[in-house]
Amino acid sequence: MGQSASSAAILSRRDSNHSHRSKIKSTALISPMHLDETDDVQEIIHGASDFISDLPDECLACIFQSLSSVDRKGCSLVCRRWFKVEGQSRHRLSLKAEADLSSMIPSLFTRFDAVTKLALKCDRRSTSIRDDSLILISLRCRNLTRLKLRACRELTDVGMAAFAKNCKGLKKLSCGSCTFGAKGMNAVLDNCSALEELSVKRLRGITDSTAEPIGPGIAGSSLKTICLKDLYNAQCFGPLLIGAKSLRTLKLFRCSGDWDALLRVIADRVTGLVEVHLERLQVSDVGLSAISNCLDLEILHLVKTPECTNLGIVALAERCKLLRKLHIDGWKANRIGDEGLVAVARNCSNLQELVLIGVNPTKVSLEILASNCRNLERLALCGSDTVGDSEISCIAAKCIALKKLCIKSCPVSDQGMEALAEGCPNLVKVKVKKCRGVTPEGADSLRLSRGSLAVNLDSGEPEHPDASASEGGIQDNVVDFHPIPNQVVPPTIASSSAGRSSSLKSRLGLLAGRGLVACTLRRWSGGNSSSRINN
């Protein structure tokens, strides 16, 4: 009574919307077990609309790309349309490369016909795919840009040569524990003109000292990153290393032979190197002096190379003034110390990250580093017998820009923690490990005095003296400064009707009602979608 016509109309629409929402709540998706009865998710119960079915395939593909691999598999079981769209939008695929894969290749790559990144991994105790399987894959996936091969021991030079001819757009190749040799590698370098990254580990087909030289081929002009690991005769890659004129990153891990002479030639021909990793190589100050010709060098990792001394570090620091990251694992050989670090401090004012493992710096070098390297943000001191409370106090007083500090197996006590409480105004994270002089009370005191500071204390057993800085497994001396990722909260699962079976819930997972679309759109609006996309 007393209501206007417009008010009555509004109330009528509200009642209508309420009734419509009530119908939506009772909607149930069709179980994958009954796909023979319908091909479309638009099958409805009680006449309610299915908004997901109104999405174009392109939008559905974008939603799938924001999901994890497990969730994508679940999505593909919902209906035939989702099965097709999920397959056509998947660009990355990882397969068990066992011998019986051959019969499934046609059907696999009919469904996943847009794959550009492929990983073929075989168990060491299984028989891997052979040349015919790799050739068939190359015919089905001519648009491959990335290929990873692991333990494919049945592949030969013939298969790699055929693959290279069919997939000339390859940009990244990573192979480990394979048995093809120099001819197969040369075939890739001769045919893949867009190749930018090459990683080779335990290539068992190259063992003879008289092996055919590798490279550079037409890929020599495009290669930007080369990584060689655990190779008996890695120096047969010499022509490739010398001829890669655009090379920016060079990583050599545990490769036999004397590298001084080859590094000298590489540094003379390839002057644009920005990043160099040398681990457990036979390299001396001669090699370091050669690397100093790379005036654009910004990142240097020198791990367990006992023949390198202060002289090599001084020669490199005096010429490579753009150095930003320096990692040195001195293997407690006491051949790199204050003299080399002082040279770095005086010449490399752009230094942002310094990791010292098994090196014994004193207050002399640390004070100059803190004073001259005003942009030093990340510092790690591990297994150093000379870093005590006095050195930590020096760091606290002078390292104004320091954000992350790692102290491990050093004679530091609670007194050093007290110094950190009063210094380093930009410090956000401190990690203290295996420093017996630091007590939980000292760490708690640091936390209380710096409310926003993250303090991680681990007073474990003494570290194993032979822990490698890059090998797999438990790595005691590894120091990686990773940014703290934003936590992504999984989407809330919408409540389903009481009559929905448990088997349907397990199949659909996050896909109850409209929760998937709504939560995905919320993630996009929150800016977190970029970290979830899996092309």
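The values are calculated or read from the model by the stated rules, or taken from the named source; none is laboratory data. Everything numeric here is computed off the predicted structure, so don't read it as measured data. With ideal geometry, Cβ positions are generated from the backbone for all residues, glycine too; neighbour counts draw on all protein chains shown. Each accessible area value is taken on the protein alone, full model and side chains, heavy atoms only, with ligands, DNA and RNA left out. Shrake-Rupley method; radii C 1.70, N 1.55, O 1.52, S 1.80 Å.
Results, tabulated for the structure shown:
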read-out: Test: residue in region 441-462 that is at pLDDT below 95 and closer than 22 Å to I328 by Cα; value: yes
read-out: Residue in region 272-293 that is surrounded by the fewest Cβ atoms within 10 Å (Cβ to Cβ), counting only those that are more than 16 Å from I336 (Cβ to Cβ) and over 26 Å from the mean Cα position of the chain (by Cα); value: Q282
read-out: Conditions (1) closer than 22 Å to K408 by Cα; (2) within 31 Å of the chain's Cα centre (by Cα); (3) modelled with pLDDT of 95 or more; (4) open to solvent by 10 Å² or more (accessible area, probe 1.4 Å); number of the one not met by L322; value: (1)
read-out: Some residue of region 172-180 being buried (at least 17 other Cβ atoms within 10 Å of the Cβ), part of a loop (DSSP other than H, G, I, E, B) and among the charged types (D, E, K, R); value: no
read-out: All positions within region 147-167 that are within 18 Å of L195 (Cβ to Cβ) and assigned to a helix (DSSP H, G or I); value: D157, G159, M160, A161, A162, F163, A164, K165, N166
read-out: Scope region 229-254; condition closer than 15 Å to V283 by Cα and modelled with pLDDT of 95 or more; matching residues; value: L250, K251, L252, F253, R254
read-out: Only listed residue being closer than 21 Å to D131 by Cβ, open to solvent by less than 10 Å² (accessible area, probe 1.4 Å), modelled with pLDDT of 95 or more and part of a helix (DSSP H, G or I), chosen from V188, V200; value: V188
read-out: In region 278-321, the residues that are β-branched (V, I, T) and touching a Phe, Trp or Tyr at 6+ places or on another chain (Cβ under 6 Å); value: V283
read-out: Residue ID - surrounded by the most Cβ atoms within 10 Å (Cβ to Cβ), chosen from residues in region 203-226 that are not β-branched (V, I, T) and not in a loop (DSSP other than H, G, I, E, B); value: A219
read-out: Failed item in (1) surrounded by 19 or more Cβ atoms within 10 Å (Cβ to Cβ); (2) out of contact with any strand residue (DSSP E or B) (no Cβ under 6 Å at 6 or more places or on another chain); (3) aliphatic (A, V, I, L, M), with V265 passing the rest; value: (1)
read-out: Qualifying positions in region 245-256 - free of Cβ contacts under 8 Å to residues at least 60 places away in the same chain and either under 15 Å from I226 (Cβ atoms) or buried (at least 17 other Cβ atoms within 10 Å of the Cβ) (or both); value: K245, S246, L247, R248, T249, L250, K251, L252, R254, C255
read-out: Some residue of region 103-122 being touching a Gly at 6+ places or on another chain (Cβ under 6 Å), at pLDDT 85 or above and charged (D, E, K, R); value: yes
read-out: Filter result for G287 (under 30 Å from T145 (Cβ atoms) and small (G, A, S)); value: no
read-out: Contacts under 6 angstrom Cβ, first residue in region 71-84 being within 14 Å of D57 (Cβ to Cβ), partner open to solvent by 10 Å² or more (accessible area, probe 1.4 Å) and of a type in the set (V, I, T), 6 or more apart; value: C79/V41
